[in-house]
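Submitted below is the structure of interest, expressed as structure tokens.
The values are calculated or read from the model by the stated rules, or taken from the named source; none is laboratory data. The shown structure was predicted, so the numbers you read here are calculated from the model rather than taken from an experiment. Please note: Cβ atoms are built from the backbone with ideal geometry, for glycine as well, and neighbour counts cover all protein chains shown. Note: areas computed on protein heavy atoms with side chains; ligands, DNA, RNA excluded. Shrake-Rupley method; radii C 1.70, N 1.55, O 1.52, S 1.80 Å.
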Amino acid sequence: MSVGVRSFAKINLGLAIGPIRPDGYHSLRTIYQTISLHDLVKVEVQRGAGIEIRCRDARVPTDESNTCWRVAERVMKACKARGKVVIAIEKRLPVQGGLGAASSNAVAAMLALERELRASLEPEQRWRIASEVGSDLPLFLVGGLVLGLGRGEEVYALEDLPPLDLVAVFTAEAGVSTPRAFADWDARAEAAAAKRAASGLTGSGPSTTMDMFSSRVFAWLTAGLPRAAAGSTAGVPTAERGDRAETPLLDLVRAGIENDFEPVVFPKHPGLREVKRELERAGARFASLSGSGSTVYGLFDSAGQAQAAAQKLAEGGARAYAATTLTRRQYWRDLFSS
Ligand code: C5P
């Protein structure tokens, strides 16, 4: 018997990149939101030894460089289990698409393998394995709305918000390499610092967008609280809002959080900027690159509007899908359901 799991995607609601850390990773701040689009991952433990990855998509590696492989190896060791692990991945999400698909596949493989082995790792073991294998894995152990700090692996569950309709567009452009996008960001930050130095200006470099992100998210998180409970908010912008309860997610993105990858990815992939504009023209309340791309998404007021926008974009040749955000409860409920 094999265990099948839905491996959901995430989008980033804002992503602020900071300086390079001594370990070579970048500090970052982001809000992850899981969404209903997903791959399917099936895990079976057979007689024998080793790990086998099966996937029809030739762009998915089937050797030890696959995140599922690296997770399975660690889970088998942690559970002191024996056998041959066969992982079948049915790809629906784009490869290098900024939706965290490979990371989500790996977490799905971990959860399915535990079930298949009838074993249960301690939460700390799960988290350690996930963060060792990649910065984007731990968020999928939380699901719903998640604050990401550190190199993205330090995750905090945020209070879930009412589901929102969205359209995700997978363009025909090649996938965007995340390390490449970070390197381009560094080159841009260095050029900006050199320009500042040449003009005699001192002051902050890459931490600026991190600080802005923090102050805006803090303002949004504390918007519903009485001032005393929120602590001193002097100097912190307050989120402009009408009825906070109606559109809290839109309040957040409209507070001005942005994805720092856009200014380095869009010039190299102008088609992505055009997709963002098309989503805005089709009525998206907010549109953005997800992660380092290449997926661009738009948030809409209703399912009808999202479906109409997806159809319009699809008529123009794009792979555009209407979907919804997933709360933590929905995420865990639908993960194992067949
Ligand atoms: O953590 P993960 O292995 O998914 O990261 C892939 C690559 O992306 C890293 O090797 C690094 O080059 C880059 N990265 C980074 N800063 C982060 C996350 C990833 O520079 N916070």
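Output the residues belonging to segment 1-44 that are open to solvent by 40 Å² or more (accessible area, probe 1.4 Å) and part of a strand (DSSP E or B).
Answer for segment 1-44, where residues must be open to solvent by 40 Å² or more (accessible area, probe 1.4 Å) and part of a strand (DSSP E or B): R6, P19, I20, R29, L40, K42, E44.
Then there's this: Would you be able to tell me the number of residues in segment 143-190 that are within 16 Å of the ligand (Cβ to nearest atom), aromatic (F, W, Y) and open to solvent by less than 30 Å² (accessible area, probe 1.4 Å)?
Residues flagged as within 16 Å of the ligand (Cβ to nearest atom), aromatic (F, W, Y) and open to solvent by less than 30 Å² (accessible area, probe 1.4 Å) within segment 143-190 amount to 1.
For segment 112-129, which positions are open to solvent by less than 90 Å² (accessible area, probe 1.4 Å) and out of contact with any strand residue (DSSP E or B) (no Cβ under 6 Å at 6 or more places or on another chain)?
Once the filter is applied, which keeps residues that are open to solvent by less than 90 Å² (accessible area, probe 1.4 Å) and out of contact with any strand residue (DSSP E or B) (no Cβ under 6 Å at 6 or more places or on another chain), segment 112-129 yields E114, L117, A119, L121, P123, Q125, R126, I129.
Which one of these is farther than 17 Å from Y321 by Cβ and in contact with a Phe, Trp or Tyr (Cβ under 8 Å, 6 or more places away or on another chain): V71, V75, V86, V107?
V107
Here's something else I'd like to know. Would you list the helices (runs of 4 or more DSSP H) that sit entirely within segment 213-288 and hold 1 or more residues that are touching a strand residue (DSSP E or B) at 6+ places or on another chain (Cβ under 9 Å) and at pLDDT below 90?
Fully inside segment 213-288 and qualifying: 248-254.
Kindly indicate the residue of segment 3-20 that is at pLDDT below 95 and over 26 Å from E159 (Cα atoms) and also farthest from the ligand (Cβ to nearest atom) among those meeting that condition.
Looking at residues that are at pLDDT below 95 and over 26 Å from E159 (Cα atoms), I get P19.
Could you tell me whether segment 100-108 includes any residue that is in the same structural domain as S290 (by TED's automatic domain parsing) and within 15 Å of the ligand (Cβ to nearest atom)?
No; the residues of segment 100-108 include none that is in the same structural domain as S290 (by TED's automatic domain parsing) and within 15 Å of the ligand (Cβ to nearest atom).
Within segment 27-38, take every residue that is in contact with a helix residue (DSSP H, G or I) (Cβ under 6 Å, 6 or more places away or on another chain) and closer than 22 Å to Q96 by Cβ and give me the one that is nearest to the ligand (Cβ to nearest atom).
Y32
Filter segment 282-311 for residues that are more than 21 Å from G14 (Cβ to Cβ) and out of contact with any helix residue (DSSP H, G or I) (no Cβ under 8 Å at 6 or more places or on another chain); which is least open to solvent (accessible area, probe 1.4 Å)?
This residue is A310.
Take the residues in segment 64-87 that are open to solvent by 40 Å² or more (accessible area, probe 1.4 Å) and away from the ligand (no atom under 16 Å from the Cβ), then tell me which one is nearest to R6 (Cα to Cα).
Among residues in segment 64-87 that are open to solvent by 40 Å² or more (accessible area, probe 1.4 Å) and away from the ligand (no atom under 16 Å from the Cβ), the one nearest to R6 (Cα to Cα) is K84.
So E132 clears everything in (1) surrounded by 19 or more Cβ atoms within 10 Å (Cβ to Cβ); (2) part of a helix (DSSP H, G or I); (3) within 14 Å of the ligand (Cβ to nearest atom) except one condition, right? Which one?
If we test E132 against (1) surrounded by 19 or more Cβ atoms within 10 Å (Cβ to Cβ); (2) part of a helix (DSSP H, G or I); (3) within 14 Å of the ligand (Cβ to nearest atom), just (1) comes out false.
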